[in-house]
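Engineer: First the structure, which I've put down as structure tokens, then a few questions once you've had a look.
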Amino acid sequence: MRLYSTLSRRLEELASDKVRMYVCGPTVYDLIHIGNARPFIVFDALRRYLESQGREVIYVQNITDVDDKIINRAREEGVPASEIAARYTEEYFRDLERLGVNRPTHSPKATEYVAKMVEFIEKLIEKGHAYVVDGDVYFSVASFPEYGKLSGKVLEELEAGARIAVDEKKHDPLDFTLWKAAKPGEPKWPSPWGEGRPGWHTECVVMAMDILGMPFDIHAGGSDLIFPHHENEIAQAEALTEKPFARIWLHNGMLTVRGEKMAKSLGNFSYARDVVDRYGTEAVRYFYLSRAYRKPLDFSDEALAEAKRAVEGVYNFLWEAESLPEEGEIPEAFSVELSSLEDKFHARLFEDFDTAGAIGALQEIVGAAHRFRQAGGDPAGLRAAAALLRRLAEPLGLFQLEKPRVEGRTEELIDLLVELRAELRKQKNFALADRIRARLAELGVELRDTSEGTTWIFRI
């Protein structure tokens with residue numbers, strides 16, 4: 001498999017049988033929004049696909065449970081910051097379940113690693129990469145000549161940039177905080193420089209190094225983390241150890257709304273759980289995975305509705321094919337076609353995890369099966385196509401639901417209503433026919449009119 005690394009700006013081979021992978025996790029001060037969900041879904045799918053190929057994956061995703069946003073939320077509610085962090089950590093894992101995302105191998109919390117962070121910062125000071133001012137500790141960017149290699153930013157341009165906040169305590173405006181001196185009412189821990197708390201950029205470095213060692217295989221996250229967060233991680237880890245921090249850096253594009261980045265600060269967001277409630281888990285996963293992960297992606301209700309229709313269309317094929325009798329033979333030509341599409345599916349994923357191309361191959365399986373049926377193919381071929389599609393889609397977290405079971409004679413009653421509606425349409429009583437269709441839709445039954453008659457499915 002080859003993956004595009006932001007660091008080298010080229011495709012890098014992932015050859016490890018045991019893949020050590022770190023993905024930046026949430027800051028737990030609120031529920032995650034649907035934009036936050038993109039890296040969680042994309043890199044969960046990558047992990048699961050690697051595992052389906054026989055590789056062992058150690059998947060680490062941190063929980064940032066001490067941060068200014070958490071402290072501010074705690075002040076608003078008049079509760080301890082730890083209470084806010086605990087509440088939204090629990091809600092985060094509930095949202096992962098809603099999104100069909102498997103739990104990480106390790107979910108370290110920043111507060112569990114403070115002592116190791118203090119040791120890490122001490123070593124940076126000893127090596128001349130950090131300095132103390134009034135209880136705060138800063139990393140000296142000038143001490144790491146390779147600073148900017150991930151983002152491609154040039155030091156001179158950064159220093160002249162107006163976005164860099166001026167802080168008289170710093171030796172250089174680019175220097176960033178490793179340790180923050182305690183302020184009244186904030187969470188704090190002991191350190192050689194006085195009570196305080198770690199900086200965000202240090203948290204991820206220490207947790208990744210402790211659990212995965214270095215260099216580990218993959219570091220991933222949203223493209224908004226390239227600078228300064230991931231750049232600052234590299235600076236600390238490599239300044240201290242003089243070894244590469246991670247081999248491959250993966251970054252997904254941002255979710256936008258009418259071309260503008262989705263963000264809570266802009267108020268243009270939707271909570272992930274609300275979107276799942278409206279469209280379903282698989283429609284959300286399909287929406288993300290049917291697009292190239294490195295490109296920005298615009299969010300809209302129309303796009304999610306389209307994804308939901310696509311998912312329902314695949315299930316319609318699966319459930320119809322799987323209800324056929326196990327009889328007949330699979331012609332060699334159709335077997336070859338299915339085998340070719342299976343190869344195409346894997347080839348797409350092996351080339352920079354092109355899930356859009358892989359889902360295209362899944363849809364081609366559906367198309368091939370429809371053509372096979374129209375040509376009078378035996379049920380065995382349709383069932384084989386359905387089985388292949390399910391097997392390939394499993395690591396993407398798609399198309400694994402069985403057809404809903406109904407109690408008693410429900411299916412017969414639905415069939416009867418479909419026949420009645422057909423008769424009403426022949427009599428040109430379209431008003432009553434439309435009422436039957438609408439009432440069935442309210443009950444989760446979707447009618448589909450085709451040239452061969454009307455079929456129905458349970459909506460996903």
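Engineer: Just to be sure, is residue 310 among the aliphatic types (A, V, I, L, M), in contact (Cβ under 8 Å) with a residue 40 or more places away in the chain, part of a helix (DSSP H, G or I) and closer than 24 Å to residue 383 by Cβ?
Structural biologist: yes
Engineer: Applying the selection to the range 375-424, what residues are among the small types (Gly, Ala, Ser) and in a helix (DSSP H, G or I)?
Structural biologist: Across the range 375-424, the qualifying residues are 380, 381, 384, 385, 386, 387, 393, 422.
Engineer: If you don't mind, there's one more thing I want to ask. Give me a count of the residues in the range 358-383 that are in contact (Cβ under 8 Å) with a residue 40 or more places away in the chain, more than 23 Å from residue 48 (Cα to Cα) and open to solvent by 30 Å² or more (accessible area, probe 1.4 Å).
Structural biologist: Residues flagged as in contact (Cβ under 8 Å) with a residue 40 or more places away in the chain, more than 23 Å from residue 48 (Cα to Cα) and open to solvent by 30 Å² or more (accessible area, probe 1.4 Å) within the range 358-383 amount to 3.
Engineer: Do the conditions hold for residue 192, that is, is it free of Cβ contacts under 8 Å to residues at least 40 places away in the same chain and open to solvent by 40 Å² or more (accessible area, probe 1.4 Å)?
Structural biologist: no
Engineer: Of the residues 141, 60, 66, only one is more than 30 Å from the chain's Cα centre (by Cα), within 24 Å of residue 225 (Cα to Cα) and at pLDDT 95 or above; which?
Structural biologist: The match here is 141.
Engineer: A further question follows. Please work out which one of (1) in contact with a helix residue (DSSP H, G or I) (Cβ under 9 Å, 6 or more places away or on another chain); (2) closer than 18 Å to residue 64 by Cβ; (3) hydroxyl-bearing (Ser, Thr, Tyr) is the condition residue 191 fails and give its number.
Structural biologist: It fails just one condition, (2).
Engineer: Also: Does the range 151-166 contain any residue that is at pLDDT below 95, under 31 Å from the mean Cα position of the chain (by Cα) and closer than 30 Å to residue 76 by Cα?
Structural biologist: yes
Engineer: Among 132, 141, 114, which is touching a Phe, Trp or Tyr at 6+ places or on another chain (Cβ under 9 Å), in contact (Cβ under 8 Å) with a residue 60 or more places away in the chain and open to solvent by 20 Å² or more (accessible area, probe 1.4 Å)?
Structural biologist: Unique residue meeting the criteria: 132.
Engineer: Let me ask you something else. Give the range 384-404 a look and list any residue that's open to solvent by 20 Å² or more (accessible area, probe 1.4 Å) and either among the polar types (S, T, N, Q) or more than 30 Å from residue 14 (Cβ to Cβ) (or both), or say none.
Structural biologist: Going residue by residue through the range 384-404, those that are open to solvent by 20 Å² or more (accessible area, probe 1.4 Å) are 384, 387, 390-391, 394, 400-404.
Answer for the range 384-404, where residues must be open to solvent by 20 Å² or more (accessible area, probe 1.4 Å) and either among the polar types (S, T, N, Q) or more than 30 Å from residue 14 (Cβ to Cβ) (or both): 384, 400, 401, 402, 403, 404.
Engineer: Where residues in the range 11-24 are acidic (Asp, Glu) and in a strand (DSSP E or B), which of them is most open to solvent (accessible area, probe 1.4 Å)?
Structural biologist: 13
Engineer: I would also like to ask the following. Test each condition in (1) at pLDDT 95 or above; (2) farther than 12 Å from residue 341 by Cβ for residue 392 and report the one that comes out false.
Structural biologist: For residue 392, the failing item is (2).
Engineer: So if I check each of 243, 264, 308, which one is out of contact with any strand residue (DSSP E or B) (no Cβ under 7 Å at 6 or more places or on another chain) and over 24 Å from residue 365 (Cα atoms)?
Structural biologist: 243
Engineer: Being in contact with a Phe, Trp or Tyr (Cβ under 9 Å, 6 or more places away or on another chain), open to solvent by 40 Å² or more (accessible area, probe 1.4 Å) and aliphatic (A, V, I, L, M) is the filter here; which residues of the range 166-189 pass it?
Structural biologist: 182
Engineer: Out of all the residues in the range 431-448, which are over 15 Å from residue 309 (Cα atoms) and either open to solvent by 100 Å² or more (accessible area, probe 1.4 Å) or not in a helix (DSSP H, G or I) (or both)?
Structural biologist: If we filter the range 431-448 for residues that are over 15 Å from residue 309 (Cα atoms), which is where we start, we get 431-440, 442-443.
Matches in the range 431-448: 435, 439, 442, 443.
Engineer: Shifting gears a bit: Looking only at residues in the range 45-56 that are open to solvent by less than 10 Å² (accessible area, probe 1.4 Å) and touching a helix residue (DSSP H, G or I) at 6+ places or on another chain (Cβ under 8 Å), which one is farthest from residue 300 (Cα to Cα)?
Structural biologist: The qualifying residue farthest from residue 300 (Cα to Cα) is 49.
The values are calculated or read from the model by the stated rules, or taken from the named source; none is laboratory data. No experiment lies behind these values; they were computed from the predicted model shown. So basically every Cβ, Gly included, is an ideal-geometry build from the backbone, and we count neighbours across all protein chains shown. Note: areas computed on protein heavy atoms with side chains; ligands, DNA, RNA excluded. Shrake-Rupley method; radii C 1.70, N 1.55, O 1.52, S 1.80 Å.
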